[in-house]
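The values are calculated or read from the model by the stated rules, or taken from the named source; none is laboratory data. Note that the structure is predicted; figures quoted are calculated from it, not measured. Positions of Cβ are generated from backbone atoms using ideal geometry, with glycine treated the same way; all protein chains shown enter the neighbour counts. All accessible areas refer to the heavy atoms of the entire protein, side chains included, with ligands and DNA or RNA removed. Shrake-Rupley method; radii C 1.70, N 1.55, O 1.52, S 1.80 Å.
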Amino acid sequence: AKGQQEGEGRSASVERKTKETSVYVKINIDGTGKCDCDSGVPFLDHMLDQIASHGLFDVEVKAEGDTWIDDHHTTEDIALAFGQCLSLALGTRAGIFRFGDFSAPLDEALVHVVMDLSGRPHLSCDLVIPTERIGTFQTEMVEHFFMSLANTAGMTLHIRQLAGKNAHHIVESTFKAFARALRQACSVDERRAGKIASSKGVLTQN
């Protein structure tokens, strides 16, 4: 995958090409919630729109993949590129709050997301999604999406389902909570005065 920071501000883009997929992701952390996503996986586009809208990120995703087989490779590679793009846009992570914590309801569903932009990848996820598919989207890919994203973003991520019976509601509330928690974690802490929120003095793996 090739990635680069984009101009001024906290934005970046990543291109990832394999034999199975071709993916382009662009993120502006300090955006207004614009989403221009054409992943070839309609339900995933809907979820990426939640990240943009509720995180106030500008997100662009273009992907071509072997969706005639299933959505697995495309979903995974978008998540890997998204995490890498986010990490590039954050740079040294100096001055950010670093931690995010949000619970989002959607009717009967309630999901709690806690994250740390620590530079250390980890996912703990206890979603119980009652159907194997939402439309054509395989629901087991939700956990895999967040695992792939956490790995390349350098993010510690905990997802807890507090309530929920409808599969669509559970997944959508997860993405909304993730977006709001990420917005918190990426926000600039003025009291931090541009310093890194770590006793080690570093939040990146490189």
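Taking residues in the stretch 82-110 that are part of a loop (DSSP other than H, G, I, E, B), and partners anywhere that are surrounded by fewer than 18 Cβ atoms within 10 Å (Cβ to Cβ) and among the acidic types (Asp, Glu), the pairs with Cβ atoms closer than 6 Å and at least 6 places apart or on different chains are Phe97/Asp189.
Does the stretch 76-90 contain any residue that is modelled with pLDDT of 95 or more, β-branched (Val, Ile, Thr) and surrounded by 24 or more Cβ atoms within 10 Å (Cβ to Cβ)? Yes, the stretch 76-90 contains a residue that is modelled with pLDDT of 95 or more, β-branched (Val, Ile, Thr) and surrounded by 24 or more Cβ atoms within 10 Å (Cβ to Cβ).
Checking every residue in the stretch 123-136 against the condition of being part of a loop (DSSP other than H, G, I, E, B), crowded, with 16+ Cβ neighbours inside 10 Å and either at pLDDT 95 or above or hydroxyl-bearing (Ser, Thr, Tyr) (or both) gives at least one match. Checking Arg191, Arg120, Arg160 one by one, the residue that is over 19 Å from Ser53 (Cβ atoms), open to solvent by 30 Å² or more (accessible area, probe 1.4 Å) and assigned to a strand (DSSP E or B) is Arg160 and no other. Of all residues in the stretch 57-75, those satisfying the criterion of being surrounded by fewer than 20 Cβ atoms within 10 Å (Cβ to Cβ) and under 13 Å from the mean Cα position of the chain (by Cα) are Asp58, Glu60.
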